[in-house]
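Scroll down for the structure; my scribbles are underneath it.
Where a number appears in this text, it was derived from the coordinates with a stated rule and is not lab data. On a predicted model such as this, the values are computed, not experimentally measured, just so you know. Ideal geometry is used to build each Cβ from the backbone, glycine not excepted, and the neighbour counts take in all protein chains shown.
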Amino acid sequence: MMKITKKLLNITFLGTGTSQGIPMIANDDPVCKSNNPKDKRLRSSILISWDDVSYTIDCGPDFRQQMLREDVKSLNGVFFTHEHADHIGGLDDLRPFCYQIGVMPIYLNKRTLNSLEKRFEYIFNPKYKYPGAPTLKPEIIYKTKFEVDGLEVIPIEVFHGKLPITAYRFQDFAYLTDVKFVEDSEKEKLKNLDVLVVDALRIEPHTTHFNLKEALDFVKELQPKKAYFTHISHKLGFHEEVSKQLPDNVFLAYDGLKIEV
């Protein structure tokens, strides 16, 4: 078996907002009216690149805008966390990349694929396949690690309320979104991280997401070298004000932020 060598990972935060984004439609909260670009958040997703390949985690309704903003010229596939609209709504906009490479692999659990097949029948069902629709190759993932383009990928099961969804670890970088609870056995996969990305929705508790205190407690427990919070709502507060209250190794991510791991 070929030995997997460590890669330089380039991460771009495509979006860092919650399901309705910031500003939220028809909302006059001061954060929604902020002129600070870091307070304007599209739906959460990242672009992860190594060697000469690039993948996204999730493909939400702002996908087209995110690809244009970052001038992404090629994409090799998508890792999906779960089937909620803010994580899959841009699926049809994979078309330009499929025109380049033909069939695009997507990595996801079986439940997420079942949902996509229902919502996007014109993409997945040969009987109804629309001629211009993207051509996708589902790769079902489980709890076991696998390899993609020379990089080891470790799926991590986390709970979005009662819904089990998929987080991902790539080398010493892990991306968790829409998290409320993680089993101890899965936390073992999150030890010795250089960078942890995790959701911090708001100040008040929420039934399916970490609030700020829970996210900070999670970081304290896992002790990564650095942590970035994402999937943020306007109810967390202004970017600059919240940032001043965080530990030295914890940061609020923002749209367009680029890091190397």
- Please specify each residue of segment 150-164 satisfying the condition of being surrounded by fewer than 24 Cβ atoms within 10 Å (Cβ to Cβ) and either in a strand (DSSP E or B) or within 12 Å of the chain's Cα centre (by Cα) (or both). Leu151, Glu152, Val153, Ile154, Pro155, Ile156, Glu157, Phe159, His160, Leu163, Pro164
- Any idea which of (1) out of contact with any Phe, Trp or Tyr (no Cβ under 9 Å at 6 or more places or on another chain); (2) assigned to a loop (DSSP other than H, G, I, E, B); (3) closer than 25 Å to Lys162 by Cα is the one Asn192 doesn't satisfy? (3)
- Taking Asn114 as meeting all but one of (1) within 21 Å of Asn76 (Cα to Cα); (2) out of contact with any strand residue (DSSP E or B) (no Cβ under 6 Å at 6 or more places or on another chain), write down the number of the exception. (1)
- If you go through segment 77-109, how many residues are farther than 22 Å from Leu151 by Cα, under 18 Å from the mean Cα position of the chain (by Cα), surrounded by fewer than 20 Cβ atoms within 10 Å (Cβ to Cβ) and not acidic (Asp, Glu)? 3
- Message: I want to confirm something. Restricting to segment 1-14 and keeping residues that are assigned to a loop (DSSP other than H, G, I, E, B) and not hydrophobic (A, V, I, L, M, F, W, C), which single residue is nearest to Gly237 (Cα to Cα)?
- Response: Lys7
- Message: I need the full set of residues from segment 93-115 which are assigned to a helix (DSSP H, G or I) and closer than 18 Å to Tyr168 by Cβ, in order please.
- Response: Lys110, Arg111, Thr112, Leu113
- Message: For the list (1) part of a strand (DSSP E or B); (2) among the β-branched types (Val, Ile, Thr); (3) out of contact with any helix residue (DSSP H, G or I) (no Cβ under 9 Å at 6 or more places or on another chain), I need the number of the one condition that Thr208 fails.
- Response: (1)
- Of the residues Gln171, Gln223, which is on the phi > 0 side of the Ramachandran plot and exposed (fewer than 14 other Cβ atoms within 10 Å of the Cβ)? Gln223
- Considering only segment 13-69, state which residues are among the basic types (Lys, Arg) and either in contact with a helix residue (DSSP H, G or I) (Cβ under 9 Å, 6 or more places away or on another chain) or surrounded by fewer than 18 Cβ atoms within 10 Å (Cβ to Cβ) (or both). Lys33, Lys38, Arg41, Arg43, Arg64, Arg69
- Message: Could you check segment 165-185 and list, in sequence order, the residues that are touching a residue at least 12 places away in the same chain (Cβ under 8 Å) and farther than 25 Å from Asn10 by Cα?
- Response: Lys180, Phe181, Val182, Glu183
- Message: Can you tell me which residue is farthest from Ile101 (Cα to Cα) among those in segment 133-149 that are in contact with a helix residue (DSSP H, G or I) (Cβ under 8 Å, 6 or more places away or on another chain) and part of a strand (DSSP E or B)?
- Response: Ile140
- Taking segment 168-218 and the residues there that are among the small types (Gly, Ala, Ser) and closer than 24 Å to Glu147 by Cα, the one that is nearest to the chain's Cα centre (by Cα) would be Ala174
- Complete set of residues in segment 15-67 that are part of a loop (DSSP other than H, G, I, E, B), free of Cβ contacts under 8 Å to residues at least 24 places away in the same chain and within 23 Å of Glu83 (Cα to Cα): Ile25
